[in-house]
Amino acid sequence: QVQLVESGGGLVQPGGSLRLSCAASGMIFSLVGMGWYRQAPRKQRELVATLSSSGMSNYADSVKGRFTISSDYAKNTVYLQMNSLKLEDTAMYYCNTQWRMADYWGQGTQVTVSS
């Protein structure tokens, strides 16, 4: 059974940094792409960044140059390094993957950017 467990969220001041982690199990990690999404209150869930199984990354325009997605195959973990955080980055952040034609989501980790 595929499981995705996020961690690393918290409260940070504008301009600060956080690193989110998503530990994956129940699949062959090296064969799947991974993604980070976020959902702010009263807004739709939106794509933040993706990392393909071949190592190609893609970012939302709003986070380009500030966020970096990466993975550690030895730990079956994908990371989202978030720098220069802004108030508008406040949201619940979710990890996502597809495995055997099914879509999987983690439970989310809250990121709050506030002064």
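The values are calculated or read from the model by the stated rules, or taken from the named source; none is laboratory data. Keep in mind it's a predicted model, so treat the numbers as computed, not measured. Ideal geometry is used to build each Cβ from the backbone, glycine not excepted, and the neighbour counts take in all protein chains shown. Surface accessibility is based on the protein's heavy atoms, side chains included, excluding ligands, DNA and RNA. Shrake-Rupley method; radii C 1.70, N 1.55, O 1.52, S 1.80 Å.
Can you tell me which residues in region 18-27 are in contact (Cβ under 8 Å) with a residue 60 or more places away in the chain, more than 14 Å from the chain's Cα centre (by Cα) and open to solvent by 30 Å² or more (accessible area, probe 1.4 Å)? Write out each step before concluding.
Filtering region 18-27 down to residues in contact (Cβ under 8 Å) with a residue 60 or more places away in the chain leaves 18-20, 22, 24, 26-27.
Now restrict to residues that are more than 14 Å from the chain's Cα centre (by Cα): 26-27.
Matches in region 18-27: 26 only.
Mind checking whether some residue in region 36-49 is surrounded by fewer than 13 Cβ atoms within 10 Å (Cβ to Cβ) and polar (S, T, N, Q)? Yes: region 36-49 contains one or more residues that are surrounded by fewer than 13 Cβ atoms within 10 Å (Cβ to Cβ) and polar (S, T, N, Q).
Being open to solvent by 50 Å² or more (accessible area, probe 1.4 Å), touching a residue at least 40 places away in the same chain (Cβ under 8 Å) and out of contact with any strand residue (DSSP E or B) (no Cβ under 7 Å at 6 or more places or on another chain) is true for just one of 62, 7, 53, 30. Which residue is that?
Testing whether each residue is open to solvent by 50 Å² or more (accessible area, probe 1.4 Å), touching a residue at least 40 places away in the same chain (Cβ under 8 Å) and out of contact with any strand residue (DSSP E or B) (no Cβ under 7 Å at 6 or more places or on another chain) leaves just 30.
Return yes or no: is residue 70 of a type in the set (S, T, N, Q) and exposed (fewer than 13 other Cβ atoms within 10 Å of the Cβ)? No; evaluated as a whole, the condition is false for this residue.
If the condition is being over 24 Å from residue 28 (Cβ atoms) and open to solvent by 60 Å² or more (accessible area, probe 1.4 Å), then region 84-115 contributes 84, 86, 87, 88, 110, 115.
Taking (1) more than 18 Å from residue 1 (Cβ to Cβ); (2) in contact with a strand residue (DSSP E or B) (Cβ under 9 Å, 6 or more places away or on another chain); (3) without any contact (Cβ under 8 Å) to a residue 12 or more places away in the chain; (4) not aromatic (Phe, Trp, Tyr) in turn, residue 74 satisfies each apart from (2).
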